[in-house]
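This report concerns only the one structure given below.
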Amino acid sequence: MLRFIVPAVSALGVLFVVLLGTALPEIVASHFGPSGRPDAFMLRPVFVALMAALVGGVPLLVWWLQLRSIRAGRLHIPHADFWRSPAQLASTDLWLHRHAAAMAVVTTVFLCSVYAMVVAANRQPVVALGDASFWLALLAYMAFMGLWVLRLHRRFRRP
């Protein structure tokens, strides 16, 4: 079941990008400077294709690389001799698979939220990435990643 969640969420993310992309103008403000003003532009089909590839591809790639590392036993976890022992291996791998999936899903959601902000900015009379929504989304994502790493360290502390 777990192996279908990340591809399904990625596919939904790509669908979200494509459907929301219909609301974009022909020339899209694709990058914004620190002031929130656009400083780069793209044609809509190019921008939507690029964002669909990023939203669908980046989380899948990171998830796949993590799964490969888990299967190959190339993880550098504390006390690996205990956690990778035959008695612990199945539960360790399941835990790592779940957390790799969680990271991929949250990354997809974060990328979709940034894309939605860009679409909203492009629909305004004066194109600008307004208020602090981007910074709040980035802060929330970074907080999740920090907690994710702390949880990994806590899980694999001394047995």
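The values are calculated or read from the model by the stated rules, or taken from the named source; none is laboratory data. Keep in mind that what you see is a predicted model, and the values were worked out from it rather than measured. Note: ideal-geometry Cβ built from the backbone for every residue, glycine included; neighbour counts use all protein chains shown. Just the protein is used for accessible areas: all its heavy atoms, side chains included, with ligands, DNA and RNA removed. Shrake-Rupley method; radii C 1.70, N 1.55, O 1.52, S 1.80 Å.
Overview of values
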item: Residue that is touching a helix residue (DSSP H, G or I) at 6+ places or on another chain (Cβ under 9 Å), over 24 Å from Gly73 (Cβ atoms), in contact (Cβ under 8 Å) with a residue 60 or more places away in the chain and in a helix (DSSP H, G or I), where the choices are Leu111, Leu152; result: Leu111
item: Subset tally (residues that are open to solvent by 60 Å² or more (accessible area, probe 1.4 Å) and either modelled with pLDDT of 90 or more or of a type outside the set (D, E, K, R) (or both)) for the stretch 61-71; result: 4
item: Any pair with Cβ under 7 angstrom, 6 or more apart, that starts in the stretch 1-14 at a residue that is in contact (Cβ under 8 Å) with a residue 24 or more places away in the chain and open to solvent by 50 Å² or more (accessible area, probe 1.4 Å) and ends at one that is in a helix (DSSP H, G or I) and among the basic types (Lys, Arg); result: Leu2/Arg98
item: Members of the stretch 62-88 found to be out of contact with any Pro (no Cβ under 7 Å at 6 or more places or on another chain) and not in a helix (DSSP H, G or I), listed by number; result: Gly73, Arg74, Leu75, His76, Ile77, Pro78, Arg84, Ser85, Pro86, Ala87, Gln88
item: The stretch 124-159, residues that are open to solvent by less than 100 Å² (accessible area, probe 1.4 Å) and over 30 Å from Leu24 (Cβ atoms); result: Gly146, Trp148, Val149, Leu152, Arg155, Phe156, Pro159
item: Filter pass, Phe82 being of a type in the set (Phe, Trp, Tyr) and open to solvent by 60 Å² or more (accessible area, probe 1.4 Å); result: yes
item: Candidates Gly21, Gly57, Gly33 - the one that is among the small types (Gly, Ala, Ser), within 30 Å of Ser133 (Cβ to Cβ) and modelled with pLDDT under 95; result: Gly33
item: Unique residue being part of a helix (DSSP H, G or I), touching a helix residue (DSSP H, G or I) at 6+ places or on another chain (Cβ under 9 Å) and crowded, with 19+ Cβ neighbours inside 10 Å when the list is Val28, Val17, Val58; result: Val17
item: Evaluation of Ala100 against (1) at pLDDT 90 or above; (2) hydrophobic (A, V, I, L, M, F, W, C); (3) open to solvent by 50 Å² or more (accessible area, probe 1.4 Å) (one fails), failing number; result: (3)
item: Selected residue (criterion: farthest from Phe16 (Cα to Cα)) from residues of the stretch 31-44 that are open to solvent by less than 80 Å² (accessible area, probe 1.4 Å) and without any contact (Cβ under 8 Å) to a residue 40 or more places away in the chain; result: Gly33
